[in-house]
Amino acid sequence: MKKMTYHPTALEQWVVNFYRNLKIYDPKDIDEQSICRFLGIFLYYKDCPSMSFEQGKFKSITIDKRISSEKQREHFYHELCHILRHSGWQLMIPLAFKELQEYDARNFTRYAAIPYHMIKYFDLRDPYVLDEMSERFKVSKKLCQERLQKMKANSRLKPVI
């Protein structure tokens, strides 16, 4: 019999450490306002496209309030990644660098929305696991499915001894 094993990426482990530093251990503990307060980021919900802004010590995230609450949360993680991990104004950087930042923000969104240390609360064999994860993490089923697919793709089969 073989068992799948999964080892988190460096970015996943960084997210786990970030959440543990904030004392976030359960999906119900995740709160955008609290995360922003801890980091000194102003958080706004407006009728405009989601974006992040940083100038000197001032940092803000604006989330499009016209989209669903699940998408708002996903946009929050995306914009949070730009503040935490990227520098430069995207309108002024080379296209390849912008594409790299966007790729990183998509990965960060999956990892921050569904952190590795919280997946243990779910039975991944349950046919309704996507529904449960979506509800508890307050993100779309599509994002949950992408997260689980990435984990499966990066798993290794090892013999059970």
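In table form, for the structure just shown:
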{"item": "DSSP bridge orientation in the range 42-161 - percent antiparallel, rounded to nearest 5", "result": "50"}
{"item": "Chain lengthening between D126 and S34 when straightened (0.36 nm per residue, less Cα-Cα)", "result": "30.0 nm"}
{"item": "Computed Kirkwood radius, in angstrom, where 1/r is averaged over Cα pairs of the chain", "result": "16.9"}
{"item": "Distance violations [Cα-Cα > 29 Å] among K57/K142; K23/K98; K65/K141; K71/K150; K57/K120; K71/K152", "result": "K57/K142; K23/K98; K57/K120"}
{"item": "Note, ³J(HN,Hα) from phi for the range 25-30, Karplus 6.51, -1.76, 1.60, rounded to Hz, x at Gly and Pro", "result": "10, 9, x, 5, 7, 6"}
{"item": "Hydrodynamic radius of the range 1-85 per Kirkwood, over alpha carbon pairs, in Å", "result": "14.3"}
{"item": "Of the trypsin sites (Lys or Arg not before Pro) in the range 1-59, those whose Cβ has at most 10 other Cβ within 10 Å and which sit in DSSP loop", "result": "K23, K57"}
{"item": "Exposed chymotrypsin sites (Phe, Trp or Tyr not before Pro) absent - longest run of the chain, DSSP non-H/G/I/E/B, at most 16 other C-beta within 10 Å", "result": "26-88"}
{"item": "Distance-filtered residues of the range 9-26 - backbone nitrogen under 16 Å, label point 7 angstrom along K57 Cα→Cβ", "result": "none"}
{"item": "Percent RCO, i.e. relative contact order, over the chain, from Cα pairs under 8 Å lying at least 6 residues apart", "result": "31"}
{"item": "Chain lengthening between N107 and K23 when straightened (0.36 nm per residue, less Cα-Cα)", "result": "28.0 nm"}
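Computed from the coordinates by the stated procedures, all read-outs in this text should not be read as laboratory data. Being a predicted model, the structure only gives us computed values, none of them experimental. No Cβ is skipped: glycine too gets one built from the backbone with ideal geometry, and neighbour counts run over all protein chains shown.
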